[in-house]
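Notes follow once the structure below has been shown.
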Amino acid sequence: MRRYLRILGLLACGCLSAPVLADCAASARTALEHAYCDVVAAGGRQGQPRFEDFRRNTPRVQALLLKRPARRVGVAVPEGAENAPTTKPADVPSTTTAPSSLPARPAAVSGEQAEPEPPADPVTPGLARCQLAGDRIDCPDRRFQLARNQPNHRLAEGVLAAGNRLGLATYQGDPDDEAALRRYLSDAYDRYIHKMLGIGLGGVTLSFTEFYHGYHRHRASGVEYAQRLEHTFQLLKQDKRTRAVPARLSASLPEDLAFCDIIAATVVVCDGGSENWVFVAP
């Protein structure tokens, strides 16, 4: 189990390197930055960008990033921040990060054309008539069951062979075109989830929040993200051939369907920031 967590950590680490927690409040300049420090200090750091990356976002995006984790740990986000002007800070380059939920995945979060979010977290339209019931999602026409890691004898023949590649395309668009980048990452993430299910590791997938932040983190380091994901996928297959993995690594479950999104006719993914849950219909 530790081996799987270590390999996934090559991509999923969202460490807050600077400033350290003790210096966060002293470095904060705005009410939203102070709220960020309060959320981190209260244990809500999972799925959050580093402080310097958080600062590069507009006030509206900062509020969206804080919305759910702040509610979980009981920290108040300054009122009206979600409707703040979308002008980016003049003293730092623009780097937009994703909110910690999949329902926002297909839409741009830069605020250029987005409407203010309603007070309540909306449920993806395709799940509006569904109910979350523990480790399943019940809908009028089908039931999605939580995906667990599968033993090798239950996998399709050849999926653990060297020839089975993740096969993500390299992003060729304008790196500053947030809408195009999100479409690319959304398509890449859908393929990644299906490939992880195929090798029997539906219980240890990255959330879209981690996937999104991972792209920006690797790009900033000069690392091609698609190649890094391919390398990690091959390592996971090698380990899967020789090591047993528990059906689940965590007993936690998503809190409500506002965290979830349909990515295929038979697959729902629920994004918890640092945790991810995949549900599959027969």
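The values are calculated or read from the model by the stated rules, or taken from the named source; none is laboratory data. Computed from a prediction, not measured in an experiment: that's the story for all the values here. Don't worry about glycine lacking a Cβ; one is built from the backbone with ideal geometry, like all the others, and counts go over all protein chains shown. The area values use the complete protein model at the heavy-atom level, side chains included, leaving out ligands, DNA and RNA. Shrake-Rupley method; radii C 1.70, N 1.55, O 1.52, S 1.80 Å.
Be a star and scan the range 252-272 for residues whose amide nitrogen sits under 16 Å from the point 7 Å along the Cα-to-Cβ vector of ASP138.
Output list for this probe position: 257.
Once you sort the root eigenvalues of the Cα gyration tensor of the range 144-282 as a ≥ b ≥ c, which label holds: rounded (a/c under 1.5), prolate (a/b larger than b/c) or oblate (the other case)?
Note, shape of the range 144-282 comes out oblate.
Given points 7 Å out from each Cα along the Cα-Cβ axis, report the GLN131 to ALA42 separation in nanometres with one decimal.
Spacing of the two 7 Å Cα→Cβ label points: 3.1 nm.
Hey, any idea what % of the range 185-241's accessible area is carbon plus sulfur with a 1.4 Å probe?
Carbon and sulfur together cover 45 percent of it.
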